[in-house]
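Note sheet for the following structure.
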Amino acid sequence: MTRVAVLGAGSWGTTFAKVLADGGADVTLWARRQELAEQITRSRRNSDYLPGITLPANLSADSDVAAVLDGVEQVFVSVPSQTLRENLAAIRHLIPDDSRVVSLMKGVEKGTRFRMSEVIEQELHIDPARVAVVSGPNLAMEIAKEQPTASVVSSTDPDTAAAVAVVATNPYLRSFVNNDVIGTEFGGVLKNLIAVAIGIVDGVGYGENTKASIITRGLVEMTDFAVAYGARPETLSGLAGLGDLIATCESSLSRNNTAGRLLGQGYSFSAVVRQMNQTAEGLASVAPVLELAAAKGVDMPIVSQVAEVLAGTLAPRDIAPHLTTDTDEPQGE
Ligand SMILES: NC(=O)C1=CN([C@@H]2O[C@H](COP(=O)(O)OP(=O)(O)OC[C@H]3O[C@@H](n4cnc5c(N)ncnc54)[C@H](O)[C@@H]3O)[C@@H](O)[C@H]2O)C=CC1
Ligand SMILES: O=C(CO)COP(=O)(O)O
């Protein structure tokens, strides 16, 4: 039985710990708060994040991160992206030699503009061959309810991708593998930004034509951006790109979509942040993504306008007419 740790007992960390336990792994989940760790272990519940879900008996939780990491073969990390570096710095000495480290996160670090796998490699000083990322259309609550779902495990090392995918597969979740870490990671980051745009126009009251236009043109932006950074275009047409874009743009379970809807309804950025009690990664990733896009000369009209709505310089109702950069000349699709 593979012994694994999951760091972060929010909605995705807890759900993924259940996925791994239901796949037969020996799983311990690290929760920052001791009372939450006790609730998970004793009553098999994480009622703040996954109300109504009973967790498996072979999943325990602990607030002692040293105990959680002791002797594990794989470490899955699911904390807010902007806190990853500080979390890893505190536990670097506890990561077992030769263990594999897997990012479940979908963000880019502000300031440095690094992807989560890059932050892991830097902070833990480990070979990229030991690092993997998981991405795909994976709304936590649906998976916690055991609805059939597919995901992607990506690593530059095929043995790492395969070893993680075996552990992260169970009767309701199937993990595919690829070696395009850049495309897989950026797919998860970028779809969050398009989902914020979808939420905004939904909040304004626009209908399906507007949303389909944004999803379709948003996929073009995602692909142009990711390919400029070395991704394979087909990755963006796969589960970690189009797949996740559809799930996140269609679902009111999505926190990014929800944050956008509140903006579209007229709430200010600070009011939206106050109302969100879970992580909406797109709000923090928009600035570093636009900086990365500018560095490669990639045009991202939809993401740019999300940034303007967040800054309060563009009215939400004006986002949809701007599906291309402003020019009177017709542009190729
Ligand atoms: N919820 C979902 O459906 C999915 C989420 N993800 C990704 O997983 C990552 C984590 O998201 P969620 O679990 O949904 O977030 P969440 O807000 O539900 O939970 C975050 C967890 O991180 C912990 N944490 C550790 N250090 C922290 C710190 N310094 N500040 C704040 N919280 C800290 C919190 O205590 C909490 O348990 C994000 O990058 C998200 O994009 C990916 C796929 C699905
Ligand atoms: O990444 C997700 C689904 O794949 C979850 O999306 P949100 O973070 O917007 O809830």
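Bear in mind these aren't lab numbers, they're just calculated from the coordinates by the rules spelled out. The structure presented is a predicted model; accordingly, all values stated were derived computationally and were not measured. Please note: Cβ atoms are built from the backbone with ideal geometry, for glycine as well, and neighbour counts cover all protein chains shown.
For region 226-284 versus region 65-111, the inter-centroid distance based on Cα atoms is 23 Å. Its DSSP H runs of at least 4 residues, each contributing -39,500 (n - 2.57), put the calculated 222 nm mean residue ellipticity of the chain at -14000 deg cm²/dmol, to the nearest 500.
Excluding same-chain neighbours fewer than eight residues apart, the lysines reachable from Lys211 by a Cα-Cα span under 21 Å are Lys191. All Cα-Cα separations within region 3-179 were binned at 10 Å from zero, giving a P(r) of 11, 42, 38, 9, 0, each value a whole percent of the pairs. Per residue, the average separation of C-alpha pairs within less than 8 Å and at least 6 apart gives the chain a relative contact order of 15 percent.
Contact order for region 182-318, expressed relative to its length and based on alpha carbon pairs under 8 Å spaced 6+ residues apart, stands at 36 percent. How high is the relative contact order of region 3-179, in percent, counting Cα pairs under 8 Å that sit 6 or more residues apart? Computed over region 3-179, the figure is 21 percent. Seen from all directions on average, region 144-253 presents a Cα convex hull projection of 7.2 nm². In the distance distribution for region 82-161, Cα-Cα pairs more than 16 Å apart total 56 percent. Helices meeting the span-like rule in the chain (full DSSP H runs, Cα extent of at least 27 Å along the helix axis, mean Kyte-Doolittle score of 1.0 or higher): 181-204.
Scaling the Cα radius of gyration of the chain by the globular reference 2.2 N^0.38 Å produces a ratio of 0.97. When the Debye formula is applied to the Cα atoms of region 271-322, each taken as the same point scatterer, what base-10 log of I(q)/I(0) results at q = 0.16, 0.20, 0.23, 0.32 Å⁻¹? Here log10 of I(q) over I(0) equals -0.53, -0.78, -0.94, -1.20. Of the residues Ile120, Val101, Val79, the one whose Cα sits farthest towards the positive end of the charge dipole of region 3-179 is Val79 (charges of +1 on Lys and Arg Cβ, -1 on Asp and Glu Cβ, taken about the Cα centre).
Over region 182-318, all Cα pairs binned in 10 Å intervals from 0 give whole-percent P(r) values of 14, 48, 32, 6, listed from short to long.
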